[in-house]
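Comments concern the structure below.
A short reminder: the numbers here are calculations on the coordinates, not readings from a lab. Keep in mind that what you see is a predicted model, and the values were worked out from it rather than measured. Quick reminder, even Gly has a Cβ in these numbers, built from the backbone with ideal geometry, and neighbours come from all protein chains shown.
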Amino acid sequence: MISINLTGSQIIYGETDKKFKGYVPWLVKFPNTQDGPDAGAIEYVYSLMAKEAGVFMSETRLFPAKNGPGYFTTKRFDRKESEGRMTRLHVHTAGGLLHSDFRMPSLDYEDLLALTEIMTRDMREVEKMYRHAVFNIMSHNRDDHAKNFSFVMDFKGEWKLSPAYDITFSSGPGGQQSTTVLGEGKDPSSEILRALGKKAKLDNKTIAQIIESTRHALGCWRALAQQHGVDRNNIKLIGDAIGHISRN
């Protein structure tokens, strides 16, 4: 956890307090022993593609590193300035709300769409969740477990879908999606994604637009990955996987 000033020129460790007024809370992610040195760059490129596809996300950056292309950082969505001080917002994961164990496959995207409608009573939020689902499937983000979806309560006590997070190339249990799509986890097709949109009561035009905008955004993978220092082997590996799904 770090805090960054408004110009981005100064960073302090940990949470802000009164003497550091004007600093905003961010998170910086460091690779674990299983990640490669370009893990941060891969996640950063994924965030750029997700935003291009219209997925609701917090601001992201790629901080330079001595080894590798950099560290992925994102602005915290559970903090908001109120009356001159930084205040915590109440956040609840889908796993917590549904008592679903994130360590094992336990959800379907149909569940998440229904939960979003119940929590927010807003079809615009349901559409956001569907867009998130489509991006996860088409980008081969298979670590889409129950803790990687959250809802945030604002100061009025109203729930909204949180910005998307932990979006990157990943393999789930047995190489399948952690969250299934109408029961399919191994190789969800565009046809299944359209059926999921129908289940969520979205119209055909919206469904087609979301799938096509996601396909277009993922087409930027190779150029963005080269620009931000992703390893050449990973560019091919991920590009091949994305290409296979996009054609499906």
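Expressed as a rounded percentage, what relative contact order does segment 147-186 have, with Cα pairs under 8 Å and six or more residues apart?
25 percent
If you place +1 on the Cβ of every Lys and Arg, -1 on the Cβ of every Asp and Glu, and leave all else neutral, what size is the dipole of segment 14-120 about its Cα centre, to the nearest 20 Debye?
Roughly 800 debye, rounded to the nearest 20.
Of Gln177, Trp159, His99, which is farthest along the charge dipole of segment 2-233 in the positive direction, counting Lys and Arg as +1 and Asp and Glu as -1 at C-beta?
So the residue we want is Trp159.
Do the sum for the chain: with -39,500 (n - 2.57) for every DSSP H run of n ≥ 4, divided by all residues, what is the mean residue ellipticity at 222 nm, to the nearest 500 deg cm²/dmol?
-12000 deg cm²/dmol
Normalised by the residues of segment 68-202, what does the relative contact order come to in percent, with Cα pairs under 8 Å and at least six apart? Please list the in-between numbers first.
Numbers: 192 pairs, mean separation 37.1, N = 135.
28 percent.
With an 8 Å cut-off on Cα pairs and a minimum separation of 6 or more residues, tell me the relative contact order of the chain in percent.
20 percent
Dipole size in debye (nearest 20) for the chain around its Cα centre, Lys and Arg Cβ +1, Asp and Glu Cβ -1?
Once rounded to the nearest 20, the dipole reads 580 debye.
Assuming R0 = 35 Å, what is the FRET efficiency of Phe63 and Ile118, from their Cβ-Cβ distance, to the nearest 0.05?
Once rounded, the FRET efficiency stands at 0.40.
Please report the net charge: other residues with Cβ closer than 14 Å to the Cβ of Met129, K and R +1, D and E -1.
-1
If you count, for each residue, the other Cβ atoms within 10 Å and average over each peptide, how do 74-80, 159-165, 3-9 line up from highest to lowest?
Ranking the peptides 74-80, 159-165, 3-9 by packing returns 159-165, 74-80, 3-9.
What's the local net charge at Leu196, with K and R +1, D and E -1, over the other residues with C-beta under 15 Å away?
Local net charge: -4.
Order by neighbour count: Lys66, Lys198, Lys51, fewest other Cβ atoms within 10 Å first, most last.
Lys66, Lys198, Lys51
If you project the alpha carbons of segment 104-248 onto the principal axes, what extent comes out on each, in Å, largest first?
Largest first, segment 104-248 extends 47, 33, 32 Å along its Cα principal axes.
Can you sort Thr33, Thr180 by how many other beta carbons sit within 10 Å, fewest first?
The order, fewest Cβ neighbours first, is Thr33, Thr180.
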